[in-house]
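K.L.:
The structure is given below, and queries will be raised subsequently.
The values are calculated or read from the model by the stated rules, or taken from the named source; none is laboratory data. Predicted model, so just to flag it, every value in this text is computed and none were measured. Cβ: placed from backbone, ideal geometry, glycine included. Neighbour counts: every protein chain shown.
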Amino acid sequence: MRALAESGAEGWQDVVPEAVRIASDGQLPPRDRVAAMSLVVDIAPPELTDGVRDLSEDLRLSVRDRVAVLHALRHVIGLSPLRRVRDDEQTSAAARRQAGKLLKRFAPQDRIAEAHLLKAIAHDRAAPPALRVRSAVDLLGCGAAGRGQALPLLLGLAQEEALPASARTRAARALVEEAPASRSRALKVFRSLLPTTTPLQRRGVWLAIGVVEPTEAAVGLLEMARNPDHTPVTRVRCAEAITTLRRDWKDKAALTARQIAFDTTVPWHVRRTAARDLARWSEVCREEARELLRSLPRQPTGHTNPSIPRNS
């Protein structure tokens, strides 16, 4: 149904009534109904709200989905149910943040309440670390007062050793991007994280360092790219990262790409990625990279097309 919706105006003419039908069918699983409702909620006809009214009380729904339903029904039941979710300390922090984000455009008091909630979540050591950091980052967008509260929060999160490296990296990167005066302290955090992270996490830390010190970061990434102890995936991704920081280092990155592309012990899909990189980065090796690409399988029979993971 989503593919049909994306096919153009004529596709939408077919999607809207079908989505309303699915969302309004009480015999279908709640998740299917919510998915259909979410697809057309901003343009759907009035009958959609009547059809999904019962969903707001369906105990089988996750809190997250219930928040989406309450938001869809706001023209019928008002904003009070959604505000109760945001203000209920017994509700999960993620759902409260979701509700606060949806409410902030309706009234000044909702924007104030969202800022208070984001600050509370960022301070809450019982909340998931990634959620704490996202809340502190969101607080940056809550006016001058919110920004003033967010910056020390982000610094504290970046320096909190009990947090995972990924969360600390995200907090420190926000400082680098939003608070130039805090860059030296953020860089200190990044450098302290380098020995403790996994290789792909380390790549993310080097990229964050590269916002301020691109050459230092490129040197660190080049060392990783050339390290045979790392997996081919890590080495290719580090080589790619080098070219985002130093375009004039494409030849250095190409050496790693060529080594991996022509290594027959490396999985074919990783070799294809390396060969494509080599063709882009090296004029000298372009033809042999293209020849290799023609010889490698695009997708072996019976297999889905794998790709190099992009999480860092």
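K.L.:
Tally the residues that are among the charged types (D, E, K, R) and either touching a residue at least 60 places away in the same chain (Cβ under 8 Å) or surrounded by 20 or more Cβ atoms within 10 Å (Cβ to Cβ) (or both), restricting the search to the stretch 111-134.
P.N.:
3
K.L.:
Only one of Ala253, Ala239, Ala261, Ala217 is in contact with a Leu (Cβ under 6 Å, 6 or more places away or on another chain), more than 25 Å from Arg168 (Cβ to Cβ) and not basic (Lys, Arg); which?
P.N.:
Of the residues listed, the single one that is in contact with a Leu (Cβ under 6 Å, 6 or more places away or on another chain), more than 25 Å from Arg168 (Cβ to Cβ) and not basic (Lys, Arg) is Ala261.
K.L.:
Do we have Pro164 as farther than 22 Å from Arg96 by Cα and in the same structural domain as Lys104 (by TED's automatic domain parsing) here? Break it down stepwise before answering.
P.N.:
Working: farther than 22 Å from Arg96 by Cα: yes; in the same structural domain as Lys104 (by TED's automatic domain parsing): yes.
Yes; evaluated as a whole, the condition is true for this residue.
K.L.:
Could you list, in sequence order, the residues of the stretch 177-201 that are aliphatic (A, V, I, L, M) and at pLDDT 90 or above?
P.N.:
Matches in the stretch 177-201: Ala186, Leu187, Val189, Leu193, Leu194, Leu200.
K.L.:
Test Leu151 against the stated conditions and say whether it is within 26 Å of the chain's Cα centre (by Cα), at pLDDT 90 or above and in a helix (DSSP H, G or I).
P.N.:
Taking the combined requirement at face value, the residue satisfies it.
K.L.:
Suppose we filter Val137, Val189, Val205, Val212 for residues that are touching a residue at least 12 places away in the same chain (Cβ under 8 Å) and in contact with a Ser or Thr (Cβ under 7 Å, 6 or more places away or on another chain); which single one remains? Don't jump to the end; show me each part of the working.
P.N.:
On the way: Val137 fails: in contact with a Ser or Thr (Cβ under 7 Å, 6 or more places away or on another chain); Val189 fails: in contact with a Ser or Thr (Cβ under 7 Å, 6 or more places away or on another chain); Val212 fails: in contact with a Ser or Thr (Cβ under 7 Å, 6 or more places away or on another chain).
The unique qualifying residue is Val205.
K.L.:
Test of understanding: among Arg173, Arg168, which residue is under 17 Å from Ala126 (Cα atoms) and buried (at least 21 other Cβ atoms within 10 Å of the Cβ)?
P.N.:
Only one candidate passes the filter, namely Arg168.
K.L.:
Taking the stretch 276-300 only, how many residues are within 24 Å of Trp206 (Cβ to Cβ) and within 28 Å of the chain's Cα centre (by Cα)?
P.N.:
Counting residues in the stretch 276-300 that are within 24 Å of Trp206 (Cβ to Cβ) and within 28 Å of the chain's Cα centre (by Cα) gives 5.
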